[in-house]
Amino acid sequence: MLLDFLFPQKCPYCGKPLGCGQTECSECLKGFDTRAVIKKTPADDICIAPFEYKGAAATAIKNFKFRGVVFNCRSLSAAAARAIKSSGIRAEIEVVTFVPMTKGRKRKRGFNQSQLLAKEISALLKLPCEELIARDKESEYQHKLGYEERAKHNKSYYRVKNPDRVRNRNILLVDDIMTTGATLSSCSGILKDNGAKTVYCAAAAIA
């Protein structure tokens, strides 16, 4: 709260200055659609998000992901947590995890946006957040590829860190954006191959 007072933040969606403790302005909050955006991935998992990837929501995510405006994560995560609660799956989830980055890419960006979202969402849902999946190999940036290219590139890039932490658990898998769904499907497949009972997916937005 003190930092918000000394260094006022801007609304992720419209850019207006925010008051102390606000994560978005009251006008933008009123305009949020309370219905969750729900779409199935190619692996037939349900993906839940608060926004479609367009307009002000897309701007907020781009500023977070590519320009390092980490403050935006707070509002995006809160909106995602509300969407998850409204969908009715909260009671089934046992643990939250996220789409990983290689160490090199995380070092270059400074953070893994999916990990930050997952940590905030898990805290709001009062669930543990665990790093269940690792990624050791680099590939082309995913937003440049179509579904088939993504699926091919992703095939051998992910691994489960500890199968005992995955087996027989209902898992929420978090990414920043669902576009083709190939990345979420690859990570979900790895979790299921290692014994996950059910995998639900969540994102800040769905394209």
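The values are calculated or read from the model by the stated rules, or taken from the named source; none is laboratory data. Nothing here was measured: the structure is a model prediction, and the numbers come from that model. Here the Cβ is made from the backbone with ideal geometry for all residues, glycine too, and neighbour counts use every protein chain on show. The area values use the complete protein model at the heavy-atom level, side chains included, leaving out ligands, DNA and RNA. Shrake-Rupley method; radii C 1.70, N 1.55, O 1.52, S 1.80 Å.
Express in nm, to one decimal, how much length is gained between K39 and F111 on full extension, taking 0.36 nm for each residue of separation and deducting their alpha carbon distance.
Working: separation 72, 0.36 × 72 = 25.92 nm, distance 2.69 nm.
Stretched out fully, the K39 to F111 stretch lengthens by 23.2 nm.
Determine the share of the chain's accessible area contributed by carbon and sulfur atoms, expressed in whole percent, with a 1.4 angstrom probe. Could you put the intermediate results ahead of the total?
Details: 5470 of 10440 Å².
That fraction is 52 percent.
Taking DSSP loops as anything outside H, G, I, E and B, show the longest stretch in the chain free of trypsin sites (Lys or Arg not before Pro) there with at most 12 other beta carbons within 10 Å. It would help to have the intermediate numbers written out before the result.
On the way: sites that count: R35, K54, K126, K137, K155.
After excluding every exposed loop site, the longest remaining stretch is 55-125.
Under the Kirkwood approximation for Rh and a Cα-based Rg, what ratio Rg/Rh is obtained for the chain? Please list the in-between numbers first.
On the way: Rg = 16.6 Å, Rh = 17.3 Å.
With Rg and the Kirkwood Rh in hand, the quotient comes to 0.96.
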How far, in nm, would the chain grow between S86 and S26 when pulled straight, counting 0.36 nm per residue and subtracting the alpha carbon separation? 19.5 nm
Rounded to the nearest 5, the percent of antiparallel DSSP beta bridges in the chain equals 30 percent
Once the in-chain neighbours fewer than 8 apart are removed, the lysines whose Cα is under 24 Å from K106 read K62, K65, K119, K137, K144, K152, K155, K161
In degrees between 0 and 90, to the nearest 10, how far off the longest principal axis of the chain does helix 182-193 point, with axes built from Cα atoms? 50 degrees
The chain, accessible area per residue, ligands and nucleic acids excluded (1.4 Å, Å²): 50 Å²
Extend 7 Å from the Cα of E131 along its Cα-to-C-beta direction; within segment 154-173, residues with backbone N under 13 Å of that point are 161-162
